[in-house]
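Colleague: My questions will all concern the structure given below.
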Amino acid sequence: MLKSASSLPHKAKQGSLKNDYQGPLASGLNRRAFLKTSTAIALLAGLPACKPTQDVTKSNNNPAPSATTNKDIPASVFSDYQKKVLAQVQMQLLPDDGDGPSAQDINGVDYLEWAMTDQQNIQDGDPDFIRKGIGWLDDLAVQTKGEVFIQLDQTNQHNIIEKIAGSSAGENWLSLLMYYLTEALLLDPVYGGNPDQIGWNWLEHQAGFPRPTSETTYRDFE
Amino acid sequence: MKNQPTTTKDFDICIIGSGAGGGPIAYELAQAGYRVVVLEKGGWFDEADFKKDEMLSRRNIFRSKIADERHVLEEPDGEDWSSHNTSEFWGGNIVGGASNFMSGYFHRLKPEDFRLLSEFGAIEGANIVDWPITYNDLEPYYTKVEQLIGVSGKIVKHPHLEPRSTADYPFPPTAEHPVSAWFDKAANELGLHPLPMARAILSTPYNQRNSCEYSGYCGSYGCHSGAKGSSRAALLDHVKTKNNFQLMTQAKAYQINTDQKGNASSVDYYDNAGSSHRITAKVVTVACYAIESSRLLLSSTGAKHPDGIGNRYQQIGKNLHCCAGGTGHGIFDLTQLTSQQADALKVRGPFFNRALQDWYFIDDKPVFGKRVKGGTIDFVFDPPSPTADANSLKWDDNNNLLWGSAFKQRLKSHFTQSRDFKFEVFCDWLPTDNCHVSLDANEKDKWGSAVARVKVGFHPHDLKVAQYIVDQGVNVMKKMGAQKYYGNAFTSPTSNLIAGGLRFGKDPKTSALDPDCRVHGTDNIFVTDGSFMPNGGSITPTFTIYANAFRVADKIKAQLGKV
Ligand SMILES: Cc1cc2nc3c(=O)[nH]c(=O)nc-3n(C[C@H](O)[C@H](O)[C@H](O)COP(=O)(O)OP(=O)(O)OC[C@H]3O[C@@H](n4cnc5c(N)ncnc54)[C@H](O)[C@@H]3O)c2cc1C
Ligand code: SF4
């Protein structure tokens, strides 16, 4: 089989592993960019293949401020409030629309919290970027609708998501949440998402064998 | 790092790298009774460790990590060159190397591949040469690989079938996907010669290895049954308990030391804790995968080799090649097929296993002006990676993020209402002065050694040939009844199918190795991975890497003499 080593951004769009493309650094995306809703940004917004990542080799020499090491993983990555916001944002991204599982059905928030304890995700600065995005989201909700995101009705929440999807940083943030939702939907249930193979069943995906067990997950090899 | 070796051990032969290039040497010399040591920088994992878990590849679990070591890839970017760090060339860094994760599509080279220059003539800007050996020299070793590594298939007569000393493969073909019959019909109607593809996968048990269990996830995934012909399962597992054999895991070779005559005297390696150790041996074999073998020779300087071992004429790292070619797709809309046809397409497990070699040589004067070397088309279903697929579907055709019900519908339609049937085109990537390995001036690995800088310029002729064959593949997809069909020739390097860099030849001024794959200017340093190949042929290389390594094993045994 052919595997391409190229990772030029324009070629990497179809790539699927976040390693494929070292996109705009998560830490370099700021609040202003997040709130900006100009369509002119669509070009840049279109670039990230999968998830905004940092150049790991660089961050090793000069750790990004957001990078945490194993020992200081907090007991809970997100506060209860942050989890509430994330749950509702996830339900906009993968809604309960009568066709296939919703974010809640696939344990979206629990999975996300667990994924934030993965060393690579920590190094990529994801927990921090996701937390920051929640703040920006609420800022925008208050600015434009007068209330924080979780106080808004479905239509207004939808509007807000639509709005931030139009800015590069906003789209990056949503794209990162989608990245983890697809993991929760389609990774082996051993990782906490895809309960009872709900995602596989919906998409008629036949798993390979032997499957990982709780003693043989990827973290047991790290 | 502590550079002073803390221990020294002596062996007859020290083999660096345990993949497809290293395994045959280790196996043959250990079986013959020589004292063998293999240095492998990864760990020893086996059938019990290999699960069908997408996270293993998402986290590069069995591959070197970019933070530890990497390559600097320099590639054409429009008129310019751009470079960046990559870990894509690490295809497998455990005992058995990338051969644990290959799909095992096995084709032999053809006699003409050994004499590309005299058969097809020079092409301006390309460093094409004839090989110093012929197909006949390698044929017995292809036959040996078919038995020992385990190649399953069925010989079908076709215009470009290479000569064989045996009538057929030793193992019958692996189980076939129901859609293979659609392909045969379409290809026959087009006047082509559909070929069952040989696989380095056991279809029946052999040598304490199980036959394939059709797990549905093969290429990119390790094999739990032992059927896949990795260097570990097929070779190293069978000598590992011998008293005269030792395989050091987590042993990263960083320097081949040479004596006053320029011959190898010892090899230094780091263990897992970063301590240095030394192996002395009569013969040293390098098989680190094409790029890394050049790198090790370049970085091993000595009194006789001030620019790296064998680099007197600046041939080390030169004439690297990837696999030119392209890919194409036939998308079948399941809603437009009968339920029987749709069910057939949905089957996962058995292999599709079809190839076309009708254009291995192209005689189309209006297009090329003369007969030229063409390529092979392999038709395949990609190994499943549902999470990665779903993640890539979040971008719509205008590169905007899709979310909500629109995203869900896209997922559903992709996974349940269509099947993407793919073809891969393999052509020669002509060696040029713009495709080579050197030591990067800035980047160092975690042990403090310079990493390899890989420049991957391509020749425009490759693109023309590839496009020609891609177009033929698209025609087949159309004929098969795909609703959408398209293909693209590419110029980006195929990270898993790199060869060359240390090509063999008679003249030290134009080659790095002699015809026995001994580094020019040395008596006892051999290179046995794909680095030796002056051109890759229009196929995947591993069958040839294995065969050549068995050939060189015989040369080394002859050189070492009686045990
Ligand atoms: C996903 C995938 C699919 C593939 N499919 C096919 C296919 O269908 N058909 C085909 O023909 N080929 C295929 N290949 C290619 C095939 O795997 C390679 O051609 C083959 O493994 C190359 O053999 P090698 O010995 O050169 O390198 P490897 O098999 O990679 O072995 C090199 C070994 O050397 C070790 N090493 C490197 N440097 C050092 C050092 N300094 N010290 C100690 N150890 C070191 C590495 O860790 C590694 O284990 C595929 C590869 C991949 C990744
Ligand atoms: S399909 Fe067969 S050869 Fe491939 S990994 Fe599964 S059992 Fe092994």
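All of the numbers you see were taken from the coordinates with simple rules; none came from a lab. These figures come from a predicted structure and were not determined experimentally. Backbone-built Cβ (ideal geometry, glycine too); neighbour counts: all protein chains shown.
Colleague: Can you find, among B:Gly219, B:Phe532, B:Ala251, the residue farthest towards the positive end of the dipole of chain B? Put +1 on the C-beta of Lys and Arg, -1 on that of Asp and Glu.
Modeller: Checking the options against the dipole of chain B, the answer is B:Ala251.
Colleague: Would you give the gap between the C-alpha center of the stretch A:81-110 and the C-alpha center of the stretch A:113-139, rounded to a whole Å?
Modeller: Using only Cα atoms, the two centres lie 17 Å from each other.
Colleague: Another question about this same structure. Scan the stretch B:394-471 for trypsin sites (Lys or Arg not before Pro) in coil per DSSP, keeping those whose Cβ has at most 16 other Cβ atoms within 10 Å, and list them by number.
Modeller: Sites meeting the loop and neighbour criteria: B:Lys446.
Colleague: Sticking with this structure for a sec: If amide H atoms are built 1.01 Å from N in the plane of the peptide, which residues on other chains or at least 5 residues away come under 5 Å of the amide H of B:Lys318?
Modeller: B:Val437
Colleague: If you add up the charges near B:Phe407, with Lys and Arg at +1 and Asp and Glu at -1, over every other residue whose beta carbon is less than 11 angstrom from its beta carbon, what do you get?
Modeller: +2
Colleague: In addition: Can you give the average number of partner chain beta-carbon atoms within 10 Å of each beta-carbon in peptide B:380-389, as a whole number?
Modeller: Whole-number average of other-chain Cβ neighbours for B:380-389 is 5.
Colleague: Please report the net charge: other residues with Cβ closer than 10 Å to the Cβ of B:His160, K and R +1, D and E -1.
Modeller: Combined, the nearby Lys, Arg, Asp and Glu give -2.
Colleague: Charges on Cβ only, +1 for Lys and Arg, -1 for Asp and Glu, centred on the Cα centroid of chain B; of B:Val129, B:Ser339, B:Phe101, which one is farthest towards the dipole's positive end?
Modeller: Checked the options; the winner is B:Phe101.
Colleague: If you don't mind, another one. Which parts of the stretch B:259-293 would a label at B:Ala303 reach, counting a residue when its backbone N lies under 17 Å from a point 7 Å out along Cα-to-Cβ?
Modeller: B:259-266
Colleague: How far is helix B:180-189 tilted, in degrees, relative to the longest principal axis of the Cα atoms in chain B, given as a value from 0 to 90 rounded to the nearest 10?
Modeller: For B:180-189 against chain B, the angle is about 80 degrees.
Colleague: Distance between Cα centroids, the stretch B:243-303 to the stretch B:146-203: provide it in whole Å.
Modeller: About 40 Å separates the Cα centre of the stretch B:243-303 from the one of the stretch B:146-203.
Colleague: Greater than 27 Å separation of Cα atoms is the criterion. Which listed pairs, B:Lys228/B:Lys455; B:Lys41/B:Lys282; B:Lys9/B:Lys228; A:Lys3/B:Lys41; B:Lys154/B:Lys422, meet it?
Modeller: B:Lys228/B:Lys455; B:Lys9/B:Lys228
Colleague: Which value at 222 nm does chain B reach when only helices count, each DSSP H run of 4 or more adding -39,500 (n - 2.57), with the total divided by all residues and rounded to the nearest 500 deg cm²/dmol?
Modeller: Roughly -6500 deg cm²/dmol at 222 nm, from the helical runs in chain B.
Colleague: Can I ask one more? Show me the ranking of peptides A:141-152, A:173-184 by mean Cβ neighbours inside 10 Å, starting with the highest.
Modeller: Highest to lowest by the protection proxy: A:173-184, A:141-152.
Colleague: Just to confirm the number: angle between the C-alpha axis of helix B:460-480 and the first principal axis of chain B, 0 to 90 degrees, nearest 10?
Modeller: Orientation of helix B:460-480: about 40 degrees from the principal axis.
Colleague: When DSSP assigns beta bridges and you keep just the ones with both residues in the protein assembly as shown, what percent turn out antiparallel, to the nearest 5?
Modeller: Taking every DSSP beta bridge within the protein assembly as shown, about 75 percent pair in antiparallel fashion.
Colleague: Using DSSP, restrict attention to beta bridges with both residues in chain B and report what percent are antiparallel, rounded to the nearest 5.
Modeller: Among the beta bridges of chain B, antiparallel pairing accounts for roughly 75 percent.
Colleague: A further question follows. Net charge near A:Met116, counting Lys/Arg +1 and Asp/Glu -1 over other residues with Cβ under 10 Å of its Cβ?
Modeller: The answer is -3.
Colleague: Additional query: Run down the lysines and flag those whose C-alpha is under 17 Å from the C-alpha of B:Lys412, throwing out any fewer than 8 positions away in its chain.
Modeller: Candidates past the 8-residue exclusion: B:Lys346, B:Lys394.
Colleague: Applying the Karplus parametrisation 6.51 cos²θ - 1.76 cosθ + 1.60 with θ = phi - 60° to the phi angles of the stretch B:65-74, what ³J(HN,Hα) value in whole Hz is obtained for each residue in order, glycine and proline being reported as x?
Modeller: Karplus-based 3J(HN,Hα) across the stretch B:65-74 equals 8, 4, 5, 8, 7, 7, 10, 9, 9, 10 Hz.
Colleague: Could you state the number of Å between the C-alpha centres of the stretch B:381-452 and the stretch B:7-82?
Modeller: For the stretch B:7-82 versus the stretch B:381-452, the Cα centre distance is 22 Å.
Colleague: How shielded is B:347-359 by partner chains, expressed as the average number of their Cβ atoms within 10 Å of its Cβ atoms?
Modeller: The per-residue average across the peptide is 1.
Colleague: Further question: What are the ³J(HN,Hα) couplings of the stretch B:42-56, residue after residue, when phi is run through the Karplus curve with 6.51, -1.76, 1.60 and θ = phi - 60°? Round to Hz, x for glycine and proline.
Modeller: Here the 3J(HN,Hα) series is x, x, 9, 10, 9, 3, 5, 8, 8, 9, 8, 10, 4, 5, 4 Hz.
Colleague: Could you derive backbone 3J(HN,Hα) for the stretch B:556-563 from the dihedral phi with the Karplus parameters 6.51, -1.76 and 1.60 (θ = phi - 60°), listing whole Hz in sequence and x where the residue is Gly or Pro?
Modeller: 5, 4, 4, 5, 6, x, 4, 5
Colleague: Can you list which of the GluC sites (Glu not before Pro) found in the stretch B:93-193 are DSSP loop residues with at most 10 other C-beta atoms within 10 Å?
Modeller: Within the stretch B:93-193, the qualifying GluC sites (Glu not before Pro) (loop, at most 10 other Cβ atoms within 10 Å) are B:Glu124.
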